[in-house]
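Below is one structure, written out as structure tokens, with a few remarks after it.
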Amino acid sequence: MKEHKGVRINKLPSGVPGLDEILGGGLPEFSFNIVAGAPGCGKTTLAHQFIFANATPDRPALYFTVLGEPALKMLRYQQQYSFFDAEKLNNAVHFINLSKALVDGGLQGVLKEISKQVEKSDARIVVVDSFRSVLRSEQHDGREMAAQVFVQELALLLTSAEATTFLIGEYGESEMEDNPVFTVADGLFWLYQQVERNSVVRKLQIMKLRGQMSVPGLHTFRITDSGLQAFSRTLGLMARKPKAAIKKRLSTGIATLDEMMGGGIPQGDSLLIAGPSGTGKSLLATQFIAAGIRVGEPGIVAVFEERPEEYAGRAATFGLDLETPLEKGNLEVIYLRPLDLSVDEMMQEILDAIERTGAKRLVIDSLAGFELALAPGFRIDFRESLYRMIFALTGKGITVLSTLEMVESFTELLFSTYAISFLTDDIVRMRYVEIDGQLRKILMVVKMRGGAHSSDIREYRITSDGIDIGDCLRDYTKLITGIPTRTKGPQH
Amino acid sequence: MNRNGINPKIRDLAQRLLSLESTAENLSKANTFAALMVSEKLRRPLSTLAGTAGFRSLLMRALTLAKREAPVLDGVQVKEDGSLEGLDGEETEAGAVLIAHLVGLLETFIGEPLTLRLLNDIWPDLSGVDMSSKGKESI
């Protein structure tokens, strides 16, 4: 391997969960960065998270405010976030208003004041909010050159002072071209707030980052009481090992179904349980989770159509104790229904739960509910996102069971309405059939990527002990149409 | 503090700030002098934090509120740079009212912990202070 002889660039934590991974490990020390975007998209909060994560009395941060949000109001609102540490105020974090310097001395007045304050405090982090306000004072009547010189001088000053800098500005994308600020900057972070039908979706893009590889593209983020949280579009799994050839089989909790599948579900597979409402898809998924718990394999259930507290209660009616593992922490039920969810965000929730529980099994109940919980803009990419998510999870050795609601047709057998069969390794299809004036249920293993499986079409019943799979219905044909014909015994 | 009056603990805190600055030999003028000193000492860090205009607007609001309680302050004005003008020996108690309103406004905007942090930076001897009207410890 070639030895790296270049200067080593320290990486500072951004203070924003998920962002360091997008940045390629953190923010390069001494970098001169622009945070751009429309008002209200989280620029100031991002800068605050950075300063509170990094500033110390020995390495203080200076936060310069200019003709924007009054500093007292900014403090009033920012202290609502959990990352805000009042102990650091005037100790490690200093807020300084530059309005007078700008009004009295213009750009040079600002430069002089920043220089004075940085020298006085030996600041290692500098934020100017809003930098756009500073430049606006000169960007008129052919004074663009003055602004360009100012940006250049400021970059030199702060880099020489060994400061890592954030300049915050309300910029539109159309202003990207020929803007000296963007040319000088080492890092350019663009925050977006997009309205899609009734949903608001926040996204960020690292348009430029000198010195290290960041993850390209648009990444979703959310602003909560803890500030910004970013969700990498690589789903946090870019650097992890690819799926290994694991041969272990996991029990579904239904011995006959395990048999039909050739010994259970291969670990790390993605299994789709498809069928119409009431056929027992969720019950099968619950039995799969309970079977894992019994053999010491923690699990996660992501539900979209019922509340977590109802989930364990419903399992108990089938004799499955999920309360105990929930209390012990080797089972988590994730309930997400914010209506403007992104797949990346869901993935982060699952990854966090895997980290907490050491889960080996994951149930997504159901894909239709999951899709409905997504913001409209994300639904367009649902198949692609689902593919990335399932690929990433199974690559970690997690066995994923997803349920899929199907609208039943009595003339044909669809494997799924999403055309996502190719995403899954294994498919079990459940459906209704009409036999002897009764609506009965059948299931079949449609696909097992890992090997041979039964071709039986078996009848099953839902009992108080769960799914009870009976014999193969050999006396009938056209079972998969839902209206079979008896081949032996009395004809219909 | 609310819009109708000053929390007694903030009033006590203001009085304590005045006593820390009260070095004048003429006792009748002690409070006035101290109020000027407290205001001046607050002016520099708050102007740094919020800008000269920011501090000036805060002090002007405090003065407006204080004048309702102490009409003797009618002649007092806030200069362009945020310093006080016209506060003399006649307004013995009024100075404390003005400072109480100034501290009260700060507490309203940025909360007790940050306000106390700012005050402690200026007056390190100020300790054991509780601005909450429900607090157990009196000043």
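Read the figures in this text as sums done on the coordinates, not as results from a lab. Worth saying up front: this structure is predicted, and the values here are computed from it rather than measured. Here Cβ is always computed from backbone atoms with ideal geometry, including for glycine, and neighbour counts include all displayed protein chains.
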Of A:Ala53, A:Ala38, A:Ala61, the only residue that is among the small types (Gly, Ala, Ser) and crowded, with 21+ Cβ neighbours inside 10 Å is A:Ala61
Among (1) over 21 Å from A:Ser14 (Cα atoms); (2) surrounded by 18 or more Cβ atoms within 10 Å (Cβ to Cβ), the one test that A:Arg124 misses
(1)
Considering only helices (runs of 4 or more DSSP H) fully contained in the stretch A:18-88, which possess at least 1 residues that are within 14 Å of chain B (Cβ to nearest Cβ) and touching a residue at least 12 places away in the same chain (Cβ under 8 Å)?
A:43-54, A:71-78
What's the number of the only condition in (1) touching a residue at least 60 places away in the same chain (Cβ under 8 Å); (2) under 23 Å from A:Gly470 (Cα atoms); (3) surrounded by fewer than 23 Cβ atoms within 10 Å (Cβ to Cβ) that A:Leu271 fails to meet?
(3)
Residue among B:Ala66, B:Ala70 that alone is over 27 Å from A:Val110 (Cα atoms) and surrounded by fewer than 21 Cβ atoms within 10 Å (Cβ to Cβ):
B:Ala70
Going through (1) under 18 Å from B:Ile110 (Cβ atoms); (2) crowded, with 23+ Cβ neighbours inside 10 Å; (3) within 25 Å of the chain's Cα centre (by Cα) one by one, A:Phe83 fails only at (2)
Counting only residues in the stretch B:62-110 that are out of contact with any helix residue (DSSP H, G or I) (no Cβ under 6 Å at 6 or more places or on another chain) and among the basic types (Lys, Arg), the one farthest from the other protein chains (Cβ to nearest Cβ) is identified as B:Arg68
Of everything in the stretch A:64-78, what is within 24 Å of B:Trp123 (Cβ to Cβ) and either in contact with a strand residue (DSSP E or B) (Cβ under 9 Å, 6 or more places away or on another chain) or among the aliphatic types (A, V, I, L, M) (or both)? Give them in sequence order.
A:Ala71, A:Leu72, A:Leu75
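Condition check ((1) in a helix (DSSP H, G or I); (2) over 20 Å from A:Leu341 (Cα atoms); (3) hydrophobic (A, V, I, L, M, F, W, C)) across all residues:
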| site | (1), (2), (3) |
| --- | --- |
| A:Arg356 | yes, yes, no |
| A:Ala359 | no, yes, yes |
| A:Leu362 | no, no, yes |
| A:Gly369 | yes, no, no |
| A:Gly377 | yes, no, no |
| A:Glu384 | yes, no, no |
| A:Tyr387 | yes, no, no |
| A:Ala392 | yes, no, yes |
| A:Gly397 | no, yes, no |
Quick check on my filter: what residues within the stretch A:440-479 are charged (D, E, K, R) and not in a loop (DSSP other than H, G, I, E, B)?
A:Arg440, A:Lys441, A:Lys447, A:Arg458, A:Glu459, A:Arg461, A:Asp468, A:Asp471
Could you tell me whether any residue of the stretch A:94-106 is closer than 13 Å to A:Asp129 by Cβ, outside any strand (DSSP E or B), of a type outside the set (Ser, Thr, Tyr) and touching a strand residue (DSSP E or B) at 6+ places or on another chain (Cβ under 8 Å)?
yes
Could you tell me whether A:Leu156 is without any contact (Cβ under 8 Å) to a residue 40 or more places away in the chain and either of a type outside the set (Asp, Glu) or in a strand (DSSP E or B) (or both)?
yes
I'd like the residue in the stretch B:49-59 that is surrounded by 19 or more Cβ atoms within 10 Å (Cβ to Cβ) and part of a helix (DSSP H, G or I) and, out of all such residues, is farthest from the other protein chains (Cβ to nearest Cβ).
B:Leu59
